Structures are given as structure tokens and as C-alpha cells.
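The values are calculated or read from the model by the stated rules, or taken from the named source; none is laboratory data. Because the structure is predicted, anything quoted here is derived from the model rather than measured. Glycine also receives a Cβ, built like all others from the backbone with ideal geometry; neighbour counts cover every protein chain displayed. Protein only, heavy atoms only, side chains kept; ligands, DNA and RNA dropped before computing areas. Shrake-Rupley method; radii C 1.70, N 1.55, O 1.52, S 1.80 Å.
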Amino acid sequence: FELLQYPKPNDTTLPQFVVGVKNGFLPRMDPLVELPSKFSALDNLLHKMPIYKADGSQGLLATGDFGEAVHKELPLLDVSGVEDSRLISALFRDYTFAASAYLLEPCDLNYRKTGDYGLGRKVLPKNISIPLWKLAEKINGKPFMEYALSYALYNWARIDPKGPLDYENIRLIRTFEGGKSEHGFVVTHVTMVAHTGDMVSAVHHVLQSVEKKDIKGLLSAFSELLSVTRRINDEMETMWLRSNPQDYIKFRTFIMGIKNQPMFPEGVIYEGVSDKPQAFRGESGANDSIIPTLDNLLELTERMPRNPLTEILKDFRTYRPQGHSEYVNWVEKKAKYLRVREFAMTDPETALLYLALLDQVREFRLRHWLFTKSYIIAHTTHPVATGGSPIVTWLPNQLGAVLDTMIETCKII
């Protein structure tokens, strides 16, 4: 728990993604917005990249000129000596944006013309692949766009630096399409995660209460956790207003992955790094740590059906910051050791609150499934989600496990 109350929030020698009661699953410090002059070529290229730039004019991706610009304008920059964790995180974010835009630009152009993604580029040039690979090693991540480390949780800035972390005070640092719906899509994820400091605190109180066999303490802790999960679900519900379902397809192409995607049947060669084709999952909200933490705390994870879909779920959980993985795994082991579910069932009130928490997980997963149907299935026949999972069956697999556990819990109560 000492890590959760991180004593040196401004220390840039330590990772940005360390789970804490103040920041939750957000970075400890606000993301770095501007790169040092040494990396101005990368910064300038990304400013020109979006389909619609900040001033509303068309950018390189609108005309299919990004790939050529990468070869002409981006030198091979040395990142080996970078030690500042904010700069490492910002560079990783920016190189993943460049990598995804480069590899998937042909797919976006083809989709706009024909409704089919076609094939992506087979080789990631060394001026992107080498620094990206080195940066990934520095943060113990994968050299491809991720949810927390790239597209969402390290891609925002406060409009008023001293203002609150709410929707009206957040802008994006990098975009692909650049429209209002992309802004709404990403920022809503950020505002949801902005509540996770309180969630981390409540999870600790739950584990502490169970460890002490304190049923009144658990009642209070469950109530605390229920309150914050409801706030997160309420924030999630605003997605419908902030991001038009019809617009999602306009930027979805660029958050696709390499693994299990027909656009990359042979993987991608990282030039200057390896002659062996690489394959990584794409950016996905399934990489968020909110629901995995609740799954583990409520001992839902071990109740997931043993099938290939659950194996995909486990693989998704390797695509997140190391600090998130360590925390989520710790919660799983601690909850299982303490038998949180068993202790909660010993009292009618805590059992009801346990059931209410399961219902919040159900609500979250159901809404995610409704998003999938409205934002994706209604607008494309492409059968694979951005992360490489099968769209139609993957989410119902997890939702079914929650419903089964709720039914079982009702029988006990």
C-alpha cells in the first residue's frame, strides 16, 4: 500500500504509470505535451498528420501523403540516452502514433474508397521502428500503440493547467482523424479513469477489512467502492453524447493492430530491429484496468469459462503499463488468498453489496457491448475488433460469466 500513496509524485526517474490513490490508473504527472527541440521533426510531422489538423485544414492522412513524409522528413533520432520518464512516455506515445499512421494509411484510404481495408504496409521503416523498439524496452512495453501508454491515458492535456480533470478542461495532444467524435471518444475514457484514485482507495479498504475480518469495515468499503463504480458508469454513459457512433469508423482504422488482422497476414517487419515479422494487438478499451481490477477483487476472473475467448482476455491484460499489471495481479492474488467473496457472503448486507458490485460490472460490460453494436457492427462487416478479438462473441463471453455469478450469488443470499 506504500506504493499507492506514492511519496515522490514529481520524480521523473521513476515510471509515469504507478497506481496510486491520487492518480489511480492515470499517469502520476500530467502527460508531456511538447517535445524538446531535438525531436522537433517528429513533433512537426505529427502536427501535420491528422485528416483534419487543429486549424481545420486537411492533413497528410487526408491525401495519403503521410508515408512519403515519413521517409522525407523524419530522421533516425537517437532515444537511447533519454532517461526522463515523462519524455520517454511522450516519445513512446508519439512514435506509436507515427507507426500506426504509417502502417494503416493504405487501409484507411482503401476503406474510404471501397469499404474494405485491404492490406497495410509490410515494413515499418527504421526511423520509426528503431526508436520505438528502444522506448518500449525502457518502459517494459510492447512496441505498438496501446490504450494507456499511447492513445488515451497519455494523450491529454488540461486546457487550464490548474483546472479540474473534467471533460470541459481536457484537450487531446495527438489525433488521427481530428474531429469532435474522436475527441469525445478518447476524452470520455480519460474522465472515466479520473475516478480511479477513489477506486484504488476503496479496493484497498475492502482488502484491509477482509484481512481483519471486519464485517462493518467491509460494509463501509463496499459502499465506498459501489459509489465510485457508479460514477465511472455514469461517466461512461456520456459517450453517446460526446462521440457520434457514425463517426467512429472514421478513426477506427488507425487503432487497429497487427495480430489476428487480415490487413497484416504476414505480420510486420520492424526494419533495423528484426527480420522476423512482428504482430501486436491494437489499441482497445479492453486494455483498461478498471474492470480487470474489479474482476480480480470480486474473484470473477477465475469464474470465466475456459475457452479461447477467455485466453484472449488474458492476453489483453498483458497490453498495459507494467505498474498497472503489477497492481491488477496483486489484487487478484490478495483477494484469492483472503477469500473476499466467501467473507462477503457471511453477512446479508455485505452479500447484497457484493451483488450490487457485480451488477456494476454487468452494467459496464453490457454498455461496452452496446457500444460495440452501435459504433462498430452497425457500420462495418469487418469481423475483428481493433485488439484482434472476434467482435460478435468476445464480449458476451465475459458478460455471461458475470450474469452466472450474479445468479449463483442470489441463490446464496
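Here is how the numbers come out for the structure above:
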{"read-out": "Meets criteria (free of Cβ contacts under 8 Å to residues at least 12 places away in the same chain and within 20 Å of D359 (Cα to Cα)) for D214", "value": "no"}
{"read-out": "Number of positions in the range 36-49 that are part of a loop (DSSP other than H, G, I, E, B) and closer than 12 Å to A98 by Cβ", "value": "1"}
{"read-out": "Qualifying residue in the range 97-109 (condition: within 20 Å of the chain's Cα centre (by Cα), modelled with pLDDT of 95 or more, part of a loop (DSSP other than H, G, I, E, B) and under 22 Å from P36 (Cα atoms))", "value": "no"}
{"read-out": "For F343: the one exception among (1) part of a helix (DSSP H, G or I); (2) at pLDDT 95 or above; (3) closer than 30 Å to G179 by Cβ", "value": "(3)"}
{"read-out": "Selection within the range 75-96 - open to solvent by 10 Å² or more (accessible area, probe 1.4 Å), touching a helix residue (DSSP H, G or I) at 6+ places or on another chain (Cβ under 7 Å) and part of a loop (DSSP other than H, G, I, E, B)", "value": "P75, L76, L77, S80, V82"}
{"read-out": "Qualifying residue in the range 167-174 (condition: in contact (Cβ under 8 Å) with a residue 60 or more places away in the chain and of a type in the set (A, V, I, L, M))", "value": "yes"}
{"read-out": "Count of residues meeting criterion [at pLDDT 95 or above, more than 21 Å from the chain's Cα centre (by Cα) and either within 28 Å of E182 (Cβ to Cβ) or among the hydroxyl-bearing types (S, T, Y) (or both)] in the range 1-45", "value": "10"}
{"read-out": "Test for Q278: is it within 24 Å of R317 (Cβ to Cβ), open to solvent by 20 Å² or more (accessible area, probe 1.4 Å) and not small (G, A, S)", "value": "yes"}
{"read-out": "Neighbours by Cβ (under 6 Å, 6+ apart or cross-chain): first from the range 276-302, within 15 Å of Q398 (Cβ to Cβ) and touching a residue at least 12 places away in the same chain (Cβ under 8 Å); second open to solvent by 20 Å² or more (accessible area, probe 1.4 Å) and part of a loop (DSSP other than H, G, I, E, B)", "value": "P292/R317"}
{"read-out": "Extreme residue, most open to solvent (accessible area, probe 1.4 Å), among residues of the range 106-130 that are farther than 24 Å from P75 by Cβ and of a type in the set (S, T, N, Q)", "value": "T114"}
{"read-out": "Residue within the range 382-392 that is hydrophobic (A, V, I, L, M, F, W, C) and either surrounded by fewer than 17 Cβ atoms within 10 Å (Cβ to Cβ) or in a helix (DSSP H, G or I) (or both) present", "value": "yes"}
{"read-out": "Boolean, L370 is part of a helix (DSSP H, G or I), within 28 Å of L207 (Cβ to Cβ) and modelled with pLDDT of 90 or more", "value": "no"}
